Every structure is written in C-alpha cells, then in structure tokens.
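**Student:** The following block contains the structure, expressed as structure tokens.
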Amino acid sequence: MRFLASLILVLVVCAGCQTPPAAPSASEWRQKLQTVTLADGISQSEAQIIGESYFAKNVGCGAFYSVHDGGERWIVDAAFGYAAVPVKGFYIEKQSGKIVSPIGPSYDNPLEIYP
C-alpha cells in the first residue's frame with residue numbers, strides 16, 4: 001500500500017514538470033515585428049505583436065496578457081514584478097505605433113524594439 005501511495009505521489013509531481021515551449025529568439029521577434037505596417041495604422045493583432053515583442057525584450061519579470069481598445073490607443077494589459085502588479089499607463093498609439101511604457105523604455109517606432 002505504501003508503495004502504491006509513493007508511486008501515485010511521484011506521478012502527480014512529475015506531471016507538473018513538463019517543459020514549457022521555447023521562447024522565440026530575437027530574430028524570430030524581429031521577423032514578427034516586420035509584419036507590422038505602420039503606414040496604415042496599428043490593428044489589434046499588430047498591437048499584440050508589438051506588446052509581446054516589447055515584453056520579450058524589456059521586461060524580465062512580468063506577464064503580457066493582451067491589448068484592448070482605448071479609443072486612439074491600444075491599452076496594454078500586463079503585470080510587472082514577482083507580485084504581478086497590474087501595469088497602468090502602458091499603451092500603443094493606433095495611428096503611429098508609438099509605445100508609451102511606465103516600466104521600461106518607450107519607443108516612437110515599435111520596429112526599433114528589435115532593430
């Protein structure tokens with residue numbers, strides 16, 4: 001009985017040890033950013049790429065969730081730090097793609113994240 005309980009415990013613990021998929025490399029993020037067209041404004045899917053790229057490059061501890069419509073800008077839904085504090089004041093302008101961030105560098109041109 002003790003052996004069976006130990007075996008079940010090992011199986012449960014090991015089930016949680018799956019390796020997460022590898023994060024995209026800098027060149028992969030650069031390629032994704034090259035799909036963003038600044039001339040026609042920034043769509044929600046383009047803002048998503050910009051936000052994910054920003055976090056991959058500039059945020060060591062935090063989480064990017066999504067973007068949502070904020071009128072003339074895309075509001076970035078994210079958390080920062082070990083306590084996962086919600087980020088306030090982080091947005092991407094719809095017309096130009098300019099990034100305004102309170103937790104790291106801001107960019108006038110999002111393609112400069114991974115030049």
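The values are calculated or read from the model by the stated rules, or taken from the named source; none is laboratory data. On a predicted model such as this, the values are computed, not experimentally measured, just so you know. FYI the Cβ positions are ideal-geometry reconstructions off the backbone, even for glycines, and counts take in every protein chain you see. Accessible surface is based on the protein model in full, side chains and every heavy atom, while ligands, DNA and RNA are left aside. Shrake-Rupley method; radii C 1.70, N 1.55, O 1.52, S 1.80 Å.
**Student:** Taking region 74-96, which residues are in contact (Cβ under 8 Å) with a residue 24 or more places away in the chain and more than 16 Å from the chain's Cα centre (by Cα)? Write out each step before concluding.
**Tutor:** Filtering region 74-96 for residues in contact (Cβ under 8 Å) with a residue 24 or more places away in the chain gives 74, 76, 78, 87, 92-96.
Within region 74-96, Glu93, Lys94, Gln95, Ser96 meet the criteria.
**Student:** Applying the selection to region 53-71, what residues are at pLDDT below 95, out of contact with any helix residue (DSSP H, G or I) (no Cβ under 8 Å at 6 or more places or on another chain) and surrounded by fewer than 18 Cβ atoms within 10 Å (Cβ to Cβ)?
**Tutor:** Listed by number, the residues that qualify are Asn58, Gly60, Cys61.
**Student:** Of these, Ile92, Ile50, which one is touching a helix residue (DSSP H, G or I) at 6+ places or on another chain (Cβ under 6 Å), assigned to a strand (DSSP E or B) and crowded, with 18+ Cβ neighbours inside 10 Å?
**Tutor:** Exactly one residue qualifies, and that residue is Ile92.
**Student:** For region 21-43, enumerate the residues that are surrounded by 13 or more Cβ atoms within 10 Å (Cβ to Cβ) and part of a helix (DSSP H, G or I).
**Tutor:** Glu28, Trp29, Arg30, Lys32, Leu33
**Student:** Do we have any residue at all in region 97-107 that's touching a residue at least 60 places away in the same chain (Cβ under 8 Å) and open to solvent by less than 50 Å² (accessible area, probe 1.4 Å)?
**Tutor:** Yes; the residues of region 97-107 include at least one that is touching a residue at least 60 places away in the same chain (Cβ under 8 Å) and open to solvent by less than 50 Å² (accessible area, probe 1.4 Å).
**Student:** A further question on this structure: Just one of the numbered conditions (1) within 19 Å of Gln44 (Cβ to Cβ); (2) open to solvent by 40 Å² or more (accessible area, probe 1.4 Å) is not true of Val87; which one?
**Tutor:** So the condition that Val87 fails would be (2).
**Student:** Oh, and also: If a residue has to be over 17 Å from Ile113 (Cβ atoms) and part of a strand (DSSP E or B) to count, how many in region 53-72 make the cut?
**Tutor:** 5
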